[in-house]
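The values are calculated or read from the model by the stated rules, or taken from the named source; none is laboratory data. Here the structure is a predicted model, which means the values were calculated and not measured. Here the Cβ positions follow ideal geometry from the backbone for every residue, glycine too, while neighbour counts run over all protein chains shown.
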2 protein chains.
Amino acid sequence: MSASSPQQIALIGLGTIGMSMAALHLSREHNIVDVFDIRPDFEDYLSKTLPIYMSQGPSSIDSKSSSGSQPTSLVESLVSSGRLRIHSSLETACASATIVQEQGPENPDWKQSLWAQVEAIAPPSAHLWTSTSGIAASIQQLQMRDKTRLLVVHPFNPPNIMPLLEIVPAPETLPARVEFAHGYFSVPGSKHRPVTVRKEIPGFVGNRLAFALLREACHLVQEDVVSAKDLDTILMASLGPRWAGNGVFESYQQGGGEGGIRAFLEKLGGTMQTVWEGQGRVNVLGDEGTEWKEKVITQVDQAYGTLSADQIREKEARLKDFVRVQTQRYPTGGAEI
Amino acid sequence: MSASSPQQIALIGLGTIGMSMAALHLSREHNIVDVFDIRPDFEDYLSKTLPIYMSQGPSSIDSKSSSGSQPTSLVESLVSSGRLRIHSSLETACASATIVQEQGPENPDWKQSLWAQVEAIAPPSAHLWTSTSGIAASIQQLQMRDKTRLLVVHPFNPPNIMPLLEIVPAPETLPARVEFAHGYFSVPGSKHRPVTVRKEIPGFVGNRLAFALLREACHLVQEDVVSAKDLDTILMASLGPRWAGNGVFESYQQGGGEGGIRAFLEKLGGTMQTVWEGQGRVNVLGDEGTEWKEKVITQVDQAYGTLSADQIREKEARLKDFVRVQTQRYPTGGAEI
């Protein structure tokens, strides 16, 4: 079955990421989504929560089905049409899946045990995806007999809005499994942009880049160069919109004029080397280099407080706006498999 | 004179940044801009180039004055209305300035000599701004008698579109000079967001954050984790739009849920520390750790080639779109002085 055909997706674990993933899969008209979660009030929670995610997505279906003002009826309508099936056992959820995707606890033992069970009950052809942000597929599959099927599909939160999916196979994962996942998320009309990461590396790529910037950000706040809030303003007023439109390498290719990034590196090399040599080496664990933590946490709490549900919705609306502008300006696809 | 009153700005050096700065200042209806540059064809170059920048700005004036389809007439019209004055000497350019702003070569000797001259010819009340990205005000003012007037106003390219201005005073710069610069760029209706950086530090804040991310990006390409183009896609499909809408600290405050950034640091601390300890330590100068350069340059050239004028215009249109969305969603101002 090709990646652009309708799929039957068994979703295991429906917290924040799982719920958003359900909305993503259900936004494709002919997909069937089987959901399984161990929380006792799961059906009630799903009825209340799923409609919120489905009304947010880049290709929301709420105009086509029940009104968003009657949230429970959307889930009822999806269930009665056979597109959403709520399960009370892993067995029935996976029984006829073409894709099994987990968003469970970030715990290697839990994931290893899950995949051994899934292997025993799901069809052998089913694609096996983990949404983990940190546990490599090669670790998760240690108890599996067939080590060619599992791969990481790491979304950025919330996956129904955020375009990126990092696809990270284990060394033993079959290339056809990678191609299928890539194809599924980049069908024509999809707002998503899957990118394959070639090596299993902690943090994959997106979080490594984010954490590199964050480390310097924490250092600058600790050194009183700038407040946490002003640092956020600096980022939003410069690098954020720049990198929403052009990647870091493309930006510096442009920054170098006719000589491209080579000329840029020659021109800015002195400052860059000085900055690299003076980078902060703060730590987040241990006893050394962690003085920044209380200062940063205090400043961030003072600047933003606890975010209300309304504020979070406003932030997601912003994100959606940026993604919409980006999608209009960019053809989808184009990333290498 | 208050920062929101019309100003008379002497601009010294009109390359890319200077021309964009001229467009920014001229977008305020009552400002008068005096321009001085040593290139022999300056007047001709200005006539051809300034209209391009003025039609790009967030508050373009081209609808109010001459048509963009007859570019030379815009400069003629600005000159005949007295809002733009072209000078052939530094003396006449600075003679009655309320602000003198330089975008000359990034050379400490050149800048020290310039400011010593400017001090002798400009009114003592004039504010002195340097657009440098790397030479601190405390270095530039070494030959000045009065060391309380000069400060860095570091724009991001192109300043007529990009909201950020990093204001970096020297230790001896008077606070009133900092407040004036801050006030000038944050008048009501301005799309710009000035932020004061409290210490003179190489790369200031924006470039330090960018270079921290770039260093890890170069390391990941060197290690074949991802191609340069795919890394750009990852950044554009996740962190770019996220940081266009919310800063890095605000994002993690949200990411931690009710527990805020403290909970986020606890939850992700293990991965973060592992990533920080494994960060690439590539160099841009010297003989060690520079193997990445040819690989990155080759991949970037293959991915993007030399950018045409049309491609650059398209990129700036994208940037302008993101800034527009951001400005609609955000009240301006709010940064601490």
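Going by the conditions given, is A:Lys147 within 14 Å of chain B (Cβ to nearest Cβ), out of contact with any Ser or Thr (no Cβ under 6 Å at 6 or more places or on another chain), within 22 Å of A:Glu106 (Cα to Cα) and of a type in the set (D, E, K, R)? So A:Lys147 does not fit the description; no. Of all the listed residues (B:Val178, B:Val187, B:Val168), the sole one being of a type in the set (Val, Ile, Thr) and within 29 Å of A:Ala212 (Cα to Cα) is B:Val168.
In segment A:105-115, is there at least one residue being of a type outside the set (A, V, I, L, M), in a loop (DSSP other than H, G, I, E, B) and either surrounded by fewer than 16 Cβ atoms within 10 Å (Cβ to Cβ) or touching a residue at least 40 places away in the same chain (Cβ under 8 Å) (or both)? Before the answer, list the steps.
Start the filter on segment A:105-115 by keeping residues that are of a type outside the set (A, V, I, L, M), which leaves A:105-113, A:115.
Narrowing the set further to residues that are in a loop (DSSP other than H, G, I, E, B) leaves A:105-107.
Add one more test, that the residue is either surrounded by fewer than 16 Cβ atoms within 10 Å (Cβ to Cβ) or touching a residue at least 40 places away in the same chain (Cβ under 8 Å) (or both), and what stays is A:105, A:107.
Scanning segment A:105-115 turns up at least one residue that is of a type outside the set (A, V, I, L, M), in a loop (DSSP other than H, G, I, E, B) and either surrounded by fewer than 16 Cβ atoms within 10 Å (Cβ to Cβ) or touching a residue at least 40 places away in the same chain (Cβ under 8 Å) (or both).
Among what's in segment A:77-95 and is in a loop (DSSP other than H, G, I, E, B) and in contact with a helix residue (DSSP H, G or I) (Cβ under 8 Å, 6 or more places away or on another chain), pick the residue that is nearest to A:Ile121 (Cα to Cα). Steps first, answer last, please.
Within segment A:77-95, the first condition is being in a loop (DSSP other than H, G, I, E, B), and the residues that meet it are A:81-83, A:88-89, A:95.
Then keep just the ones that are in contact with a helix residue (DSSP H, G or I) (Cβ under 8 Å, 6 or more places away or on another chain); that gives A:83, A:95.
Values: A:Arg83: 21, A:Ala95: 6 Å.
Across segment A:77-95, the extreme among qualifying residues is A:Ala95.
Just to be sure, is B:Ser190 under 25 Å from B:Ile52 (Cβ atoms), in the same structural domain as B:Ser20 (by TED's automatic domain parsing) and among the polar types (S, T, N, Q)?
yes
Every test in (1) touching a Gly at 6+ places or on another chain (Cβ under 9 Å); (2) more than 7 Å from every other protein chain (Cβ to nearest Cβ); (3) within 29 Å of A:Ile52 (Cα to Cα) is passed by A:Asp310 save one, and that test is (1). Scanning segment B:268-284 finds one or more residues that are assigned to a helix (DSSP H, G or I), facing another protein chain (nearest Cβ under 8 Å), closer than 24 Å to A:Leu214 by Cα and touching a Gly at 6+ places or on another chain (Cβ under 6 Å). State which residue is surrounded by the most Cβ atoms within 10 Å (Cβ to Cβ) when the search covers only segment B:129-148 and only residues that are within 12 Å of B:Val168 (Cα to Cα) and either of a type in the set (S, T, N, Q) or touching a helix residue (DSSP H, G or I) at 6+ places or on another chain (Cβ under 8 Å) (or both). Among residues in segment B:129-148 that are within 12 Å of B:Val168 (Cα to Cα) and either of a type in the set (S, T, N, Q) or touching a helix residue (DSSP H, G or I) at 6+ places or on another chain (Cβ under 8 Å) (or both), the one surrounded by the most Cβ atoms within 10 Å (Cβ to Cβ) is B:Trp129.
Conditions (1) touching a helix residue (DSSP H, G or I) at 6+ places or on another chain (Cβ under 8 Å); (2) buried (at least 23 other Cβ atoms within 10 Å of the Cβ); (3) of a type in the set (Gly, Ala, Ser), marked per residue:
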site	(1), (2), (3)
B:Ser73	no, no, yes
B:Val118	yes, yes, no
B:Ala122	yes, yes, yes
B:Val187	no, no, no
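Checked against (1) farther than 26 Å from A:Lys147 by Cβ; (2) touching a Leu at 6+ places or on another chain (Cβ under 9 Å); (3) among the hydrophobic types (A, V, I, L, M, F, W, C), A:Val79 meets all criteria but (2).
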